[in-house]
Amino acid sequence: MICDTCRHANQPTAKFCAECGTAFVLVCVSCGKEGAPTAKFCDECGTSLTVAPSRAPAGTASPDASRKRVTVLFADLVGSTSFAERLDAEAVRSSLAGYFTLLRSTIEDHAGSVVKFLGDGMLALFGVPEVAEDDALRSVAAGVELQRRFRSFAIEIREQHGIELGLRVGINTGELVIGAGDADLVGDVLNTAARIEAECQPGRVLVGEDTWRLTRAHVVYEVLDEVQVKGKADAVATFQVVEQEDGAFEQGDDVSVFVGRSQELDRLGGVLADAVATSSARLATIIGAPGVGKTCLARELCVHTEARSFDLRLERRGSTTFTPIADLLRAAAGSGSIDAIERFLGAHPERDRLAPVLASFLGHGEARTIEESFWAVRRLLELLAGDGPVIVVVDD
């Protein structure tokens, strides 16, 4: 039993940490029954034991609570009981330290938040503190990466100690009520995610229906049978990620399908026609909830026009303000080198002044002033549009 407070490895039957005294016994907030230290749900009434109870009085809501649509990821170690029984406590602690580092670093690499460690498992959220368009997709990418990294860890444990370990990853998307400081979490999405993880085969990533709907255009899934889980009246649909050899997510079969949205598409077409007629730039902003089809709508516009188009994205991880402009410049010039930029500019009358500023977007030379940067962006767009209409799509 790994203590969440000090990470000390205790005996599996311990009720308190031998290092810091932290209690391991969990008490159900609904019925008061004690649960095992590794239990995620009360075996008496089915209430989640991993979610902190609200501190607000019964029947009232915390004034600081907010409702968000988030994606929940549960990961749990398989074979840890045998691992702890067969090895010395210090050896277990040393080995599992790398495991917990693996979990946290992978989640943070995909801009997620580790809420807490649950014995030898983990609860992570995507969409806290800020909800983003690609929360669900990043959670699935994190789950796949967790399994890849864990395989190397499991091989080391097998070679050193002769013990087989596995990892289950369950993911679900839904509404969650979050209290002040992200301390209180309440919502069925948590319980369902934990149940999905329990149904997952070691080495796999299993997701719920809402996560599947939000990511199926980018991830290949195997549709599994519905499962009946404790605490839910209806069966839960589950979908298993089919991991690709190259590690990249492929486009699903439904990407090219465009149904409805004809009014919105006509409005975008009108904006483009106005830009062409006036030979000037026009801005169109597509706003909607995650998964509603904003990217598909923009793609449909680009496919059915003669305009040259560029698809850009501002990633949540490691992006700067001008990252989309840098990507646009690479696409236009065919490379990120200074020579490529100069060839792209050709005989432009402001070539000598423009080239160094554009190159600074790609890390060549010092960053320029805001005024110079925006002047260069304007010139770049004018140059691209010199031979005909251009659509630049910036996602997120």
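The values are calculated or read from the model by the stated rules, or taken from the named source; none is laboratory data. The structure presented is a predicted model; accordingly, all values stated were derived computationally and were not measured. Cβ atoms come from the backbone with ideal geometry, glycine included; neighbour counts cover every protein chain shown. The accessibility values were calculated without ligands, DNA or RNA, using every heavy atom of the protein model including side chains. Shrake-Rupley method; radii C 1.70, N 1.55, O 1.52, S 1.80 Å.
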Legend entry - Number of the condition not met by A111 [criteria: (1) in contact with a strand residue (DSSP E or B) (Cβ under 7 Å, 6 or more places away or on another chain); (2) among the small types (G, A, S); (3) more than 19 Å from V78 (Cβ to Cβ)]: (1)
Legend entry - Residue selected from the stretch 238-271 under the condition exposed (fewer than 11 other Cβ atoms within 10 Å of the Cβ) and in a loop (DSSP other than H, G, I, E, B), by the criterion modelled with the lowest pLDDT: D253
Inset, instruction - Tally the residues that are touching a helix residue (DSSP H, G or I) at 6+ places or on another chain (Cβ under 9 Å) and assigned to a loop (DSSP other than H, G, I, E, B), restricting the search to the stretch 153-201. - result: 4
Legend entry - Among the candidates V144, V128, V140, V115, residue that is touching a residue at least 40 places away in the same chain (Cβ under 8 Å), part of a strand (DSSP E or B) and surrounded by 16 or more Cβ atoms within 10 Å (Cβ to Cβ): V115
Inset, instruction - Could you tell me whether R313 is surrounded by fewer than 18 Cβ atoms within 10 Å (Cβ to Cβ), more than 30 Å from T211 (Cβ to Cβ), in contact with a strand residue (DSSP E or B) (Cβ under 6 Å, 6 or more places away or on another chain) and charged (D, E, K, R)? - result: no
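Quick grid of which residues meet (1) closer than 18 Å to P202 by Cα; (2) hydroxyl-bearing (S, T, Y); (3) in contact with an Asp or Glu (Cβ under 6 Å, 6 or more places away or on another chain):
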| residue | (1), (2), (3) |
| --- | --- |
| F126 | no, no, yes |
| A142 | yes, no, no |
| L146 | yes, no, no |
| E156 | yes, no, no |
| Q160 | no, no, no |
Inset, instruction - Among the residues of the stretch 369-396, count how many are open to solvent by 50 Å² or more (accessible area, probe 1.4 Å), of a type in the set (V, I, T) and touching a Lys or Arg at 6+ places or on another chain (Cβ under 8 Å). - result: 1
Legend entry - Subset of the stretch 191-237 [open to solvent by 80 Å² or more (accessible area, probe 1.4 Å) and farther than 25 Å from L165 by Cα]: R213, R216, V223, D225, E226, Q228, K230, A233, D234
Legend entry - Condition broken by I287, with the remaining ones in (1) of a type in the set (A, V, I, L, M, F, W, C); (2) surrounded by 14 or more Cβ atoms within 10 Å (Cβ to Cβ); (3) out of contact with any Gly (no Cβ under 6 Å at 6 or more places or on another chain) satisfied: (2)
Inset, instruction - For the stretch 216-226, indicate whether the set of residues that are part of a helix (DSSP H, G or I) and farther than 21 Å from I107 by Cα is non-empty. - result: no
Inset, instruction - Note down all Cβ pairs under 9 Å where the first residue falls in the stretch 359-382 and is modelled with pLDDT under 95, the second is hydroxyl-bearing (S, T, Y) and open to solvent by 90 Å² or more (accessible area, probe 1.4 Å), and they're at least six residues apart or on different chains. - result: S373/T321
Legend entry - Positions within the stretch 88-112 being crowded, with 19+ Cβ neighbours inside 10 Å, more than 18 Å from the chain's Cα centre (by Cα) and touching a residue at least 60 places away in the same chain (Cβ under 8 Å), in sequence order: V92, R93, S95, L96
Inset, instruction - Answer yes or no: is there a residue in the stretch 357-364 that is more than 33 Å from the chain's Cα centre (by Cα) and not in a loop (DSSP other than H, G, I, E, B). - result: yes
Legend entry - Conditions (1) open to solvent by 10 Å² or more (accessible area, probe 1.4 Å); (2) aliphatic (A, V, I, L, M); (3) over 26 Å from V394 (Cα atoms); (4) at pLDDT 90 or above; number of the one not met by V177: (4)
Legend entry - Any chance V72 is free of Cβ contacts under 8 Å to residues at least 12 places away in the same chain and either buried (at least 23 other Cβ atoms within 10 Å of the Cβ) or part of a strand (DSSP E or B) (or both): no
